[in-house]
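The values are calculated or read from the model by the stated rules, or taken from the named source; none is laboratory data. Source: prediction; values computed, not measured. Glycine also receives a Cβ, built like all others from the backbone with ideal geometry; neighbour counts cover every protein chain displayed. Just the protein is used for accessible areas: all its heavy atoms, side chains included, with ligands, DNA and RNA removed. Shrake-Rupley method; radii C 1.70, N 1.55, O 1.52, S 1.80 Å.
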Amino acid sequence: MKTKITWVVTAVATVLLSLPAQAREYRLWYDRPAATWTQALPIGNGVMGGMVFGTPAVEHIQLNEETIWAGQPNQVLNPDAKEYLPKVRQLIFDGKYEEAQQLANEKVMPMGAGQNMGMPFQPFGELFIAMPGHTAYTRYERMLDLEHARSVVRYMVDGVQYERETLAPLGSEVIAVHLTASKPGRISFTASMTTPHSDVLTGSLTPGNYSYLHGVSAKHENLKGKVRFMGLLTAQAKGGHVSQADGQVSVTDADEATLYVTVGTNVVSYKDITGDEESQARQRLEQATALGYDALKSRHEQLYQKYYARVSLDLGEDLYPRVPTSERISRFKTHPDNYLIATYFQFGRYLLICSSQPGNMNPANLQGLWNEKMFPSWDSKYTTNINLEMNYWPSEVCNLTELNGPLFKLIREVSEKGRETARDMYGADGWVLHHNTDQWRITGPVDRSPTGLWPMGSAWLCRHLWEHWLYTRDVAFLRECFPMMLDAARFYSQILVRHPTKDWLVICPGESPEHGGKGRPSPLDAGVTMDNQLLTELYNNVLEAAKILGVSDPLLPMVHDQLSQLAPMQIGRWGQLQEWLDDLDDPKDDHRHFSHLYGLFPSNQISPYRTPELFCAARTSLEARGDVSTGWSMGWKVCAWARLLDGEHAYKLIQDQLTLTADTFLIFGTTKQKGGTYPNMFDAHPPFQIDGNFGCTAGIAEMLLQSHDGFVYLLPALPSAWKNGSIRGLMARGGFEVDMTWKDGRLSQAVIRSNHGGICRLRTLWPVSARGLKKAKGENPNSACVVTPTPAPVISPETAPAKPVLRKTFLYDLPTVAGGEYLVRIEN
């Protein structure tokens, strides 16, 4: 019997709004304190971040503040770069790659001129809370409650139950620790702050009855640290006595108490450090204490739910509620645990809410908002050849669009700073960003040329501006951001050069990020596939945006003309999508980066329906790369396999990513770290990189809903392991919000809410009949559902073009009105 789906316009989708997905409560749960930083639990409000260890006798909370970075405002640029770039380019064209790399290191890269390679994000320090007599505890548990964004520690001592609830309340810039006991007068402790920074001052401040810790950020690579910071600590109690002296706060014999800690700095902007750290810290603390804990918590929950409650995911019952989260991760491959996957999905959304709030000075960095080291791996800054962008992959589809604000702020600021680099390094107009930036918004290349001489960061970041328009249809936003997109294109239009043998316009020098072709002594190259994909996308988006806005500019005809002269994607000798202009790909190459598949994800240039040969070639390349890799790479692969419509392989990558990574190897030296997940669900590169969390969260959403190819595809890559389930609140391009339930691997019903009206083009694996619904024809008329045109590929004569084997689908157009809700129901 054929199955039909009936569409009904309803005022309220009452059926979906009462689904069990809303009843699920997700948490990370443990039966012992954290022994390492990657066992501690993260809290944050975008400004203050904390890692809660949960030790009864001496609580340890490691603290960060978003603007504490080493160094000071600066720019990195080798003064010889403009003179020597043409020489590096010619050496690449001459096939002298090693010589090109050596010359670039000496005369183009800032390190050749003795300059720094970017500044690290640094910790403030630690808060310790000593509770005498609490070493002999029983009935211990700690958890991170994702539903309410709080850390909770509970245990018993001498027949008294103690509880610590720790918040980084949204709407405030403090961390609050609320301590209670089951009997009155049993709360006594001494709290103090410490820091790894040198030469700090500690003491007491009046008025305010505050303890303080005052310091300055570190010098790094010969650049003196000039970020001054002051931490303030105070307590409020019911009953008992509060005192402070010598930088410590003590509470004795209270019924309950709340500790408040905050940090202020002198950072006003990326170019201004003339602020007053004490004044800022006082203001932050006074505002919080004036509210009091109950009001602070109430406001926090309201603000948090505004974001978190928009999306709910139900993949089934919690089968192991009393098994610690770390153990569930450890045995995940042998004990299927869909509840753990749903927890991991919501944990990713939680991390973005905590690390990227509207109004923040900085977006989420390589470790989000959490870092314990003075000099963390890769400086915990912003790597823009995938990692920063990956942080924000869940932002639109997972209904957290406002959290892009700090990213958009960074893009505006690097577009300002990048004009200097474009002019002084390339002799070009417009703006450029290479593969890294930091709080000081450096835009020149850093590190050595094999990784740093990649001028495409500005193109990739412009994608996020365009994606925001596609999801929100915010014309005012597009108009505001269009000059940044246009000036990024202006830069590339002036540095493109014609390849001496292949007759295409190419970026040179360029590179496929952090990866060189087989037989090449250097990654430096000309016209690599990812560069071409990024420019194809940027140029098309600029032209389309100009059309939407009714804007004319003398640059637009040049962009249109150059677009047709960019190298198309190529299919190589073993059926792979080529990573370089030359057919250099090694089928045994398992490098963590697979940048030539940018066109598959996050871009939309490779499609099973529009570009079937490229779709097959991308699959061949991804299969050759293998599965197990660094944590963030596996998160990207989940997204890529979802785009390949292979839910089983995407699920296998989730299994690989949810593999427990040993986090005590430095202590014991017995187990080597590998890519996966730490006990606290942080992603393991290793070490910790938060982009893997965000990438996998986005990948799970892509398995359930896709909208990049000009239509909304319901359940495009649903794995058999998720037999029954529901999702509520995912966003599709065009401004459509989607709820779905499924049973036995088949869609049961869905609701589509249209925020802006217009055609909703729907693809589904089942036939549809409904009033007003008709079979789709031609291009989607909805301007917010456009796709990037893809030139026909060049195919090696050594391989036969492949065609994908696809499931039968049905394509329809549904006219919608702004505010309308449309119920989809399967009928037997």
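List of remarks:
- Compactness of region 98-214 as Cα Rg over 2.2 N^0.38 Å, two decimals: 1.73
- In loop segments of region 24-123 as defined by DSSP, the GluC sites (Glu not before Pro) with at most 16 further C-beta atoms inside 10 Å of their C-beta are Glu25.
- Computed helical MRE - 222 nm, the chain, DSSP H runs ≥ 4 contributing -39500 (n - 2.57), nearest 500: -9000 deg cm²/dmol
- Remark on region 595-651: Rg and Dmax equal 10.5, 31 Å (Cα only).
- P(r) for region 720-808, from all Cα pairs and a bin width of 10 Å, is 12, 32, 32, 18, 6, 0 %, short bins first.
- Heavy-atom accessible surface of the chain, averaged per residue, reaches 34 Å², computed with a 1.4 Å probe.
- Reachable lysines, given that their alpha-carbon falls under 17 Å from the alpha-carbon of Lys774 and they are not under 8 places away in the same chain: Lys4
- You can think of it this way: the chain between Glu147 and Asn209 has 18.9 nm of extra reach, that is 0.36 nm per residue less the Cα-Cα gap.
- Treating each Cα of region 538-617 as one equal point scatterer and applying the Debye formula with no solvent, the log10 of I(q)/I(0) at q = 0.13 Å⁻¹ comes out as -0.54.
- Restricting region 760-827 to GluC sites (Glu not before Pro) that sit in a DSSP loop and have at most 13 other Cβ atoms within 10 Å of their own Cβ leaves Glu779, Glu798.
- For region 431-576, alpha-carbon Rg over 2.2 N^0.38 Å: 1.10
- Only lysines eight or more places from Lys238 in sequence, or on another chain, were considered; those with a Cα closer than 16 Å are Lys183.
- Every Cα-Cα pair of region 161-223 was included, and the share exceeding 18 Å stands at 62 percent.
- Where the Cα pairs of region 38-162 fall when distances are cut into 10 Å bins, in %: 11, 24, 18, 13, 14, 12, 7, 1
- Based on the Kirkwood approach, the hydrodynamic radius assigned to region 394-489 is 13.9 Å, with every pair of different Cα atoms included.
- Charge-dipole axis of region 325-426 as Lys and Arg at +1 and Asp and Glu at -1 on Cβ define it, positive-most pick from Leu410, Tyr344, Asn360: Tyr344
- Relative frequency of Cα-Cα separations exceeding 18 Å in region 487-557, percent: 47
- Short-range pairs are left out: with C-alpha atoms under 8 Å and at least six residues apart, the relative contact order of the chain is 14 percent.
- FRET efficiency for the pair Lys183 and Lys224, taken as 1/(1 + (r/R0)^6) with r the Cβ-Cβ distance and R0 = 60 Å, rounds to 0.70.
- Think of region 54-162 as a dipole: +1 on every Lys or Arg Cβ, -1 on every Asp or Glu Cβ, centred on the Cα centre; then among His148, Met117, Asn64, Met117 lies furthest on the positive end.
- Here region 336-495 is treated as an ellipsoid with the same Cα gyration tensor; its semi-axes, largest first and in whole Å, are 28, 20, 13.
- Kirkwood-type hydrodynamic radius, region 288-335: 14.2 Å, calculated from all non-identical alpha-carbon pairs.
- The fraction of Cα-Cα pairs per 10 angstrom bin, counted from 0 for the chain, comes to 2, 13, 23, 25, 20, 12, 4, 1, 0 percent, rounded to whole percents.
- Carbon plus sulfur fraction of accessible area for the chain, probe 1.4 Å, in percent: 50
- Set of aspartates and glutamates near Lys82 by C-alpha distance (under 14 Å), chain-local residues within fewer than 8 positions excluded: Glu106, Glu420, Asp424, Asp429
- Convex hull volume of the Cα atoms of region 311-373, normalised per residue: 120 Å³.
- Region 618-715: Rg to Rh, with Rh as the Kirkwood radius over Cα pairs: 1.05
- For q = 0.18 Å⁻¹, Debye-computed log10 I/I(0) when each Cα of region 392-439 counts as one equal scatterer: -0.63
- When the trypsin sites (Lys or Arg not before Pro) in region 708-786 are filtered for DSSP coil states and for at most 10 other beta-carbon atoms within 10 Å of their beta-carbon, the remaining sites are Arg771, Lys777.
- Distance from region 369-420 to region 622-659 (C-alpha centre basis), Å: 23
- When the Cα positions of Ile495, Leu715, Ala34 are compared along the charge dipole of the chain, Leu715 comes out farthest toward the positive end, with charges on each C-beta of Lys, Arg, Asp and Glu.
- Placing +1 on the Cβ of every Lys and Arg and -1 on the Cβ of every Asp and Glu, with nothing else charged, gives region 104-196 a dipole about its Cα centre of roughly 220 debye.
- Lys, Arg +1 and Asp, Glu -1 on Cβ, resulting dipole of region 282-387 about Cα centre, debye, nearest 20: 220
- Its Cα centre serving as origin, the chain has a Cβ charge dipole (Lys and Arg +1, Asp and Glu -1) of approximately 2000 debye.
- Using θ = phi - 60° and Karplus 6.51 cos²θ - 1.76 cosθ + 1.60, couplings along region 467-477 (whole Hz; Gly, Pro as x): 4, 4, 5, 4, 7, 9, 6, 8, 5, 4, 5
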